[in-house]
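Worksheet: the structure to be examined is printed underneath.
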Amino acid sequence: MAESKKRINTDGLFRQNVVLMSGLVTAPIIVAATTLQRSLVLTISFFAVSYVSILLCRFISRKIVYTVRILLYTIVAAIMFIPTVIALRFLFPETTQEVMLYIELMVVNSLILAKTESRFYLEPYGKMSVDALIFIAGFAMVAFASGAVREILSYGTLFGFHVCEPIIPSAKSPFFGFILVGIFAAVCRAVVGRRVSSRKGRSE
Amino acid sequence: MSNIFARTISLIMVSVFTQNAIFDRAFGANVAIYASRKDSHVIGFSIGITVMTTLASMIAYLFDGLLLPLPYGDLFMPLVYVVIISLLYVIGLFILWRGFPKLYGKVKKYVHLAIFNCAVFGALFLNSTFGKGFAGYVGYGFGTGIGFFVACFLINIANEKLSSDKIPKIFRGYPIMMIYIGIISLAFNVLVGYTAEF
């Protein structure tokens with residue numbers, strides 16, 4: 001019992017991945033995660049805006065009605081956006097400008113608006129901080145996978161280093177992003193299904 | 001006058017077809033998938049988003065003109081848009097609560113999904129780039145809502161087939177839906193001969 005309490009819940013990586021399973025945060029991956037550097041910028045901004053907002057908004061009293069709580073969450077995220085973009089513009093000026101629209105949209109991402117109420121704020125603070133971090137890691141995993149595949153296919157590079165000739169230049173287009181996320185989601189389901197059945201087999 | 005009308009119509013067409021919120025920018029794709037499960041949701045969400053993008057665009061026009069020319073003004077735009085949409089959200093809820101209590105009871109569980117999503121916010125951010133003048137802002141905002149409806153409708157008509165037993169189990173539902181949206185997105189790109197630069 002004590003062991004199960006201590007075990008970290010890794011649902012956010014695969015079983016409830018925000019991009020592949022619940023589809024809560026898809027737009028940045030589908031349209032903007034076309035290279036590894038863009039994926040890195042998106043991951044940093046997603047972490048800074050969402051994770052910090054989740055940690056801070058925990059202190060907003062649950063006595064406040066739901067309608068107003070949602071507004072406060074987005075306001076906190078919009079405030080977090082300001083230092084995040086200042087830092088990103090200093091570190092990655094060009095890439096930040098390229099994906100700016102999708103960084104701006106992270107203010108209203110469903111991890112803050114939906115998961116906080118349905119999951120994170122039902123957990124103790126410590127457990128919640130780890131759990132939210134794992135959800136961010138799940139996002140990062142998909143962002144980097146998408147960035148790597150699309151960078152190789154469309155530019156023939158990896159983190160800017162030449163690897164091969166571009167194979168499918170249109171891989172950077174949104175339609176390819178949709179299809180790739182669909183395929184990743186199917187693979188993720190297969191992995192989760194296999195893990196569940198092997199766990200069942202062990203327990204029997 | 002006719003010039004303004006033509007510009008408004010042209011921006012509506014642009015935001016419905018050329019830069020469809022879902023197929024070209026993936027704004028609110030998750031909301032569209034959720035809304036497309038029921039016919040009533042398609043209509044409800046589309047009305048909510050259209051009203052919100054149109055009204056918010058009108059107000060955003062005033063603030064864009066004031067803030068965007070300032071140095072670092074763009075950093076405050078998300079905060080400004082959140083405040084605009086929050087105010088409209090509260091006013092809308094109040095009107096529903098007082099005027100249409102039955103409808104309020106039905107929609108209060110998911111009304112925030114129709115308001116706080118990437119489609120609404122994305123329309124405001126894109127307006128600062130494409131919506132020239134007040135009429136342009138209104139046209140782009142309204143067109144984004146109509147574009148959302150078109151996308152929802154196209155997803156809705158395929159929903160049943162994409163969830164059927166004929167689809168392999170691991171692809172059933174969400175994964176095949178994404179692939180389907182991808183194919184429609186490709187068709188839209190070919191139709192207009194345009195690709196978003198990202």
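The values are calculated or read from the model by the stated rules, or taken from the named source; none is laboratory data. From a predicted model like this one, the values you see are computed outputs, not experimental measurements. Please note: Cβ atoms are built from the backbone with ideal geometry, for glycine as well, and neighbour counts cover all protein chains shown.
Restrict the check to the stretch A:119-126 and report whether at least one residue is within 27 Å of residue B:89 (Cβ to Cβ), part of a helix (DSSP H, G or I) and not hydroxyl-bearing (Ser, Thr, Tyr). Yes, there is a match, as at least one residue in the stretch A:119-126 is within 27 Å of residue B:89 (Cβ to Cβ), part of a helix (DSSP H, G or I) and not hydroxyl-bearing (Ser, Thr, Tyr).
Of the candidates A:149, A:107, A:130, the single residue that is more than 10 Å from chain B (Cβ to nearest Cβ), closer than 29 Å to residue A:79 by Cβ and either part of a helix (DSSP H, G or I) or without any contact (Cβ under 8 Å) to a residue 24 or more places away in the chain (or both) is A:130. Which residue out of A:133, A:111, A:158 is modelled with pLDDT under 90 and within 22 Å of the chain's Cα centre (by Cα)? When all the criteria are applied, what remains is A:111.
If you scan the stretch A:91-115, which residues turn out to be among the acidic types (Asp, Glu) and out of contact with any Gly (no Cβ under 9 Å at 6 or more places or on another chain)?
A:94, A:98
Only one of the numbered conditions (1) under 22 Å from residue A:130 (Cα atoms); (2) more than 9 Å from chain B (Cβ to nearest Cβ); (3) among the polar types (S, T, N, Q) is not met by residue A:37, and that is (1).
Residue B:56 meets the stated requirement of being closer than 22 Å to residue B:149 by Cα, within 13 Å of chain A (Cβ to nearest Cβ) and part of a helix (DSSP H, G or I). Residues of the stretch A:89-97 include none that is in contact with an Asp or Glu (Cβ under 9 Å, 6 or more places away or on another chain), more than 14 Å from residue A:143 (Cβ to Cβ), of a type in the set (Asp, Glu) and not in a loop (DSSP other than H, G, I, E, B).
Evaluate the stretch A:183-203: report whether one residue or more is more than 20 Å from residue B:26 (Cα to Cα), surrounded by 19 or more Cβ atoms within 10 Å (Cβ to Cβ), more than 12 Å from chain B (Cβ to nearest Cβ) and without any contact (Cβ under 8 Å) to a residue 24 or more places away in the chain. Taking every residue of the stretch A:183-203 in turn, none turns out to be more than 20 Å from residue B:26 (Cα to Cα), surrounded by 19 or more Cβ atoms within 10 Å (Cβ to Cβ), more than 12 Å from chain B (Cβ to nearest Cβ) and without any contact (Cβ under 8 Å) to a residue 24 or more places away in the chain. Residues in the stretch B:58-83 that are surrounded by 14 or more Cβ atoms within 10 Å (Cβ to Cβ) and aromatic (Phe, Trp, Tyr): B:61, B:63, B:76, B:81. Which of the numbered conditions does residue A:73 fail, given that it passes all the others? Conditions: (1) in a loop (DSSP other than H, G, I, E, B); (2) within 13 Å of chain B (Cβ to nearest Cβ); (3) not aliphatic (A, V, I, L, M). So residue A:73 meets the others, but not (1).
If we scan the stretch B:145-160, do we find a residue that is of a type in the set (A, V, I, L, M) and either facing chain A (nearest Cβ under 9 Å) or in a loop (DSSP other than H, G, I, E, B) (or both)? Scanning the stretch B:145-160 turns up no residue that is of a type in the set (A, V, I, L, M) and either facing chain A (nearest Cβ under 9 Å) or in a loop (DSSP other than H, G, I, E, B) (or both). Residues in the stretch B:15-32 that are part of a helix (DSSP H, G or I) and either crowded, with 23+ Cβ neighbours inside 10 Å or within 12 Å of the chain's Cα centre (by Cα) (or both): B:15, B:16, B:29, B:30, B:31, B:32. When each of A:42, A:56, A:122, A:91 is tested for being within 22 Å of residue B:126 (Cα to Cα) and away from every other protein chain (no Cβ under 11 Å), the lone residue that passes is A:42.
Here's the yes/no breakdown for (1) hydroxyl-bearing (Ser, Thr, Tyr); (2) under 23 Å from residue B:28 (Cβ atoms):
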position: A:7; (1), (2): no, no
position: A:18; (1), (2): no, yes
position: A:44; (1), (2): no, no
position: A:47; (1), (2): no, yes
position: A:53; (1), (2): yes, yes
position: A:63; (1), (2): no, no
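Restricting attention to the stretch A:76-88, the residues that are surrounded by 18 or more Cβ atoms within 10 Å (Cβ to Cβ) and either closer than 26 Å to residue A:34 by Cβ or facing another protein chain (nearest Cβ under 7 Å) (or both) add up to 8.
The number of residues in the stretch B:88-98 that are among the aliphatic types (A, V, I, L, M) and in contact (Cβ under 8 Å) with a residue 24 or more places away in the chain comes to 1.
The single condition from (1) in a helix (DSSP H, G or I); (2) more than 12 Å from the chain's Cα centre (by Cα); (3) surrounded by fewer than 24 Cβ atoms within 10 Å (Cβ to Cβ) that residue B:50 fails is (2).
Being facing chain A (nearest Cβ under 9 Å), crowded, with 19+ Cβ neighbours inside 10 Å and of a type in the set (A, V, I, L, M) is the requirement here; does residue B:120 meet it? Yes: the conditions hold for residue B:120. If the condition is being at the interface with chain A (Cβ under 8 Å from one of its Cβ atoms) and surrounded by 24 or more Cβ atoms within 10 Å (Cβ to Cβ), then the stretch B:105-117 contributes B:116, B:117. Checking each residue in the stretch A:99-135 for being among the hydrophobic types (A, V, I, L, M, F, W, C) and within 14 Å of residue A:16 (Cα to Cα) picks out A:111, A:114, A:120, A:132, A:133, A:134, A:135.
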